[in-house]
Amino acid sequence: MTNLPPFVNEPVLELRRSAVRSRLAGALQALDSQLPFTVPVMIAGHQRTDPDFVSTDPGHPDSVVAQVAAAREAEVDEAVRTAARGVQSWSRVSAAERAQALLRAAAWLRERRLDLAALEVRECAKPWPEADADVCEAIDFLEYYARGAVELEGGRPLIQIPGERNDLRYFPRGVTAVISPWNFPLAIPCGMTSAALATGNSVVLKPAEQSPACALRLVQALRAGGVPEAVVSLVPGEGGAGSQLVRHPGVQTIAFTGSQAVGVEIMRSAAEVAPGQLHIKRVIAELGGKNCVIVDSDADLDDAVPGIVASAFNYAGQKCSAAARVLVHEAVADRLLERLGGATSLLVVGQAADLGTEVPPVIERSAQELVQRYVALGHQQGTIVGGIADVPTPGWFCAPTVVTDLPADSSLLRDEIFGPVLAVESVRSIEEACDIVDGLPVALTGGLYARDPATIRYVRERSPVGNLYINRGTTGAKVGRQPFGGNRLSGNGTKAGGPDYLLHFVEPRAVTENTVRHGLVV
Amino acid sequence: MSESLTPNTNQSELESAIRSIGQRLAEAMPSGTRNPVKALDARAMELASGDRELRAALFRFVDVVPACRSLEDVARHLRGFLAELPEAPPSLSAALRVTDIRAARTALGAAAAAGVRHMAHRFIVGEDPAAAIRVLRGLWERGVASSVDLLGEATVTQDEADVYAARCAEALRHIHAQAGTWPARPVLEQDSSGSLPRTNVSVKISALTPLLRPDAPALGERDAAARLLPLLRTGQELGAHIHVDMESLDSREAVLELILELLSGQEFLHGPSVGMVLQAYLRDSPEQLETILSWARSTRRRPPLQIRLVKGAYWDHELVEARQQGWPAPVFERKADCDRNFEGLTRVLLDARPAVRVAVASHNLRSVSHAIAYNRLSGGQDQDLEIQVLRGLGDELQDALAANGFRVRTYCPVGDLVAGMAYLVRRLLENTSNESFLHEQASGRSLDELLAAP
């Protein structure tokens, strides 16, 4: 196979151009006319459709987006066994050929990008720019890992000595269970799945029950690209299927993105070796965070305020990378709070389909109730700054909230709320801010607004986070540019979209051959 | 290019006229050594132009000075930036060594802050309109008009937008009250379309509203309209000119639609005098101009809308944003292409009068001479072309133009150091860029080379 052109991130839609914006309404209409989708259980040639559960539009909860078949226990088992069969041949296909399948899948997504973005607008209430960015990220993962796998096939160089030939190569591990979230409903399942497939593994995909239609589109893309049916199965469900996959002795690798509670349980469960199991399961976990933005006294507040507002409140804060806390130097704390409060009051809380919406409804009723509980706690324990009085109804809308003066042990400072709530605290020094960050059990993203090079160096050295952003927002990681993943309880350092990610999905085998015959090197 | 020339002008006639006008202006430009303070600035600029890392360090320093809480803080930042240089110039190395002693640090901080303030004053005429008025009057008496631009923090809240709008209104009234006492200057007060206001204030839509969103321009447009409307009424009442600035591409649609919408209404059909900006570095500026001109011709508003033609001040930003998002660059990437487009747009604008009024804003002797030459060759009068320059960058050209009887207007930023930083950094960037005309002029290129077609 000839060399692929260098990887380039898929350009997002240039929505500042009216000609581009004018295409969106038509795409949404076209998508709406296809709803509701039917999402089947898909295992090789077998498809079962049944309206076991539904996914709905968070902005119009009565509107059904997909009718979904829930995979039964026997089907999950069948999916794993099918995947184990499928990987026999898939693992023997060259990396170049596997790469081509992924690139064809990327092309399939690219051709339908407006349609896919429209689906995310409906199924997950992702505002257009967010939805489009998610589709582009999915394309990016396919393109990036395709190239990575080709490179990885070459193995790693080892020291060679006369009479001895050493090589180190990477082989697929086998069946991969991919358990994916709804907040990046195409990109995250695509990232985990394509990394597994690129390296020769097979996949059983169990998507979040809130975004099954997006997962269906991913599977369609992969199959259209030429990934054999046995190699990627879809087992939708509301939870049981996931834990069954994790426990299944036929699964070699589990790729999970989701909450800390579930992630830790998966690791515990996956540690068990069932009778007859011939391997140690590997878990790749990307979990939550409580991301802090440090603002020093010499920060440019003109940059910091919009950056923090976007990081905390875009997509209603439903990102593991979202800013949850601000640690601001006392010298500028009052000014920052004033401007943050003012800017937050201006956020547009509205339907995802409306351009200009910054805070769409959260994903479901229980999420809205959770946010409301934390906001009520914020009113009790601290001071609310600025704010929006009314939010639309129906739909799971939450007003964005900035809260300060919280006691140090407030759960608002510890718990991942996954909603539009931002806590602001004043610190006496950057050292104190770093102490606070260092004291957290999580370390996913972090931000720093400062202009003294010594401060920047200091925070770089001390911050344990997986993704530190200096003088910009903490969200919007791009494949290849910001390999993404956290440390401590935020994950086991996966770094999706980075040069090391594929290593999680392979097993290394070193081979040494003695090339001496009768004293001669042959 | 020749297709945009009128039938009675040909290329070689135009080039020869450009040369003779350019020569005339160059001869009228005062030399730098007359003002020793200016020479000092020039030396600093030269230092910064030659060394990219030093330039970056100085810009980052200038940018952070207003946020520093004490002179020691200033010194600490200066030291931090300079310490990152592989090789600081000898004078600066000496300054670095000095910072080990507390008293010396304070002194260095004071010197550095003073240096930045001094540099800032080159570009900023005063902290507020009252402080600036002396300079404005001085300019007027020397035959130079002005447009006041109010610098400020970014507007991210409604309160900040209200404060800015109030400052604009206050500036209009204050300047108007003073300008009435200024002596007559017919060159600055009259053209073929009628009288020209003495009071001229530039406003930024991004400061008038915190709601500008690139993918939803109507939001910001509506919000800004609510504050622009009263300013237009004040302009109408005082007979003042209100110029609407153009900023980054992200807000262009909102700004353009806002202007054309407000001026289409009955209320403002006969005033006040309003201006807008066309940026020649944007590839689609010819299409933009067509949109504006067809509006102007169909609305037939009097006084005519003034179009200020500029190259553009956000080039780096536009390029970086486009590259980061994977979009095609919206700006010309080669200076010559931008300059050529500037000249093409100049000709279209001049041909379009009196549907619009024309101001050509540039420090490039070639661009300015081209405008004057084409105006004359196509039968226009000098009084129907205004040249605009930036305070601190175009001072010499400004004097040469005034001396030769042209109407020149200097864009005068007003505001404190904190507010002025983004502006100052951009001006320094412009001034020390290897491609800037001023840099080329200072580096001793011949007049012939400087006046050659792009």
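Quick note: the coordinates plus some simple rules give every number you see, no bench work behind them. Predicted model only: the values in this text are computed from it and were never measured. Cβ: placed from backbone, ideal geometry, glycine included. Neighbour counts: every protein chain shown.
Miscellaneous remarks
- What separates the Cα centres of region A:349-400 and region A:1-22 is a distance of 33 Å.
- Footprinting exposure proxy for A:L197, A:L489 (fewest neighbouring C-beta atoms within 10 Å first): A:L489, A:L197
- Per-residue average of Cβ from other chains inside 10 Å of B:208-216: 6
- Placing +1 on the Cβ of every Lys and Arg and -1 on the Cβ of every Asp and Glu, with nothing else charged, gives region A:291-478 a dipole about its Cα centre of roughly 440 debye.
- Long hydrophobic helices in chain B, taken as whole DSSP H segments with a C-alpha length of 27 Å or more on their own axis and mean Kyte-Doolittle hydropathy at least -1.0: B:102-123, B:158-179, B:217-238.
- Each residue of region A:385-476 gets 135 Å³ once the volume of the Cα convex hull is shared out per residue.
- Only Cα pairs under 8 Å and 6+ residues apart enter the sum, and on that basis the relative contact order of chain B stands at 22 percent.
- For the listed peptides A:476-483, B:282-289, a ranking on the average number of other beta carbons within 10 Å per residue, highest first, reads A:476-483, B:282-289.
- Contact order, relative form, for chain A: 17 percent (alpha carbon pairs under 8 Å, 6 or more residues apart, mean separation divided by residue count).
- Reducing region B:58-88 and region B:135-158 to their Cα centroids gives an inter-centroid distance of 28 Å.
- As a length-normalised measure over Cα pairs under 8 Å and 6 or more apart, the relative contact order of region A:49-123 settles at 32 percent.
- Phi-based couplings in Hz for region A:90-96 (Karplus 6.51, -1.76, 1.60; Gly and Pro marked x): 4, 5, 8, 6, 5, 4, 4
- By DSSP, the beta bridges lying fully in the protein assembly as shown are antiparallel in about 30 percent of cases.
- Straight-line reach from B:K311: taking Cα to Cα under 15 Å and skipping same-chain neighbours fewer than 8 places apart, the aspartates and glutamates in range are B:D245, B:E247, B:D284, B:E333, B:D337, B:D339, B:E343, B:E430, B:E435.
- Helical runs (DSSP H, four residues minimum) scored at -39500 (n - 2.57) apiece and divided by the length of chain B put the mean residue ellipticity at 222 nm at -18000 deg cm²/dmol.
- In degrees, nearest ten, helix A:260-270 long axis to first principal axis of chain A (Cα): 20
- Where both bridge residues fall in chain B, DSSP classifies roughly 10% of the beta bridges as antiparallel.
- Take each residue of peptide A:12-25, count the partner chain Cβ atoms within 10 Å of its Cβ, and average: the result is 4.
- Cα pair distances exceeding 32 angstrom across chain B, given as percent: 39
- In order along region A:64-75, the phi-based Karplus estimate (6.51 cos²θ - 1.76 cosθ + 1.60, θ = phi - 60°) of 3J(HN,Hα) comes to 7, 8, 9, 9, 10, 8, 8, 5, 7, 4, 4, 6 Hz; Gly and Pro are listed as x.
- Other-chain or far-sequence residues with amide H under 5 Å of A:V295's (modelled H): A:L327, A:V328, A:H329, A:Y449
- Over chain A, DSSP H runs of length four or greater, each weighted -39,500 (n - 2.57), average out per residue to a 222 nm ellipticity of -12000 deg cm²/dmol.
- Lys/Arg +1, Asp/Glu -1 at C-beta; chain B dipole; positive extreme among B:A322, B:Q398, B:Q388: B:Q398
- Charge tally in the Cβ shell below 15 Å around A:P40, where Lys, Arg are +1 and Asp, Glu are -1, A:P40 excluded: -1
- Shielding by partners, peptide A:338-351 (average Cβ within 10 angstrom, other chains): 3
- Cα-Cα over 24 Å, subset of A:K126/A:K281; A:K478/B:K204; A:K126/A:K206; A:K290/A:K495: A:K126/A:K281; A:K478/B:K204
- Residues whose placed amide H lies under 5 Å from that of B:L150, excluding near-sequence neighbours: B:S202, B:V414
- 5 angstrom amide H check on B:Q190, placed H, neighbours 5+ away: B:L196
- On the principal axes of its alpha carbon atoms, region A:291-478 extends 50, 34, 29 Å, with the longest extent given first.
- Over chain A, volume per residue of the alpha carbon convex hull, in Å³: 165
- Packing rank of A:130-138, A:323-331, B:17-25, where each peptide gets the mean count of other beta carbons within 10 Å, highest leading: A:130-138, A:323-331, B:17-25
- Antiparallel %, DSSP beta bridges [both residues in region A:291-478], to 5: 10
- Size check on region A:449-522: the Cα extents along the three principal axes, sorted descending, read 68, 28, 23 Å.
- Of the peptides A:445-452, B:208-215, A:359-366, A:160-167, the ranking by mean beta-carbon count within 10 Å, highest at the top, reads A:445-452, B:208-215, A:359-366, A:160-167.
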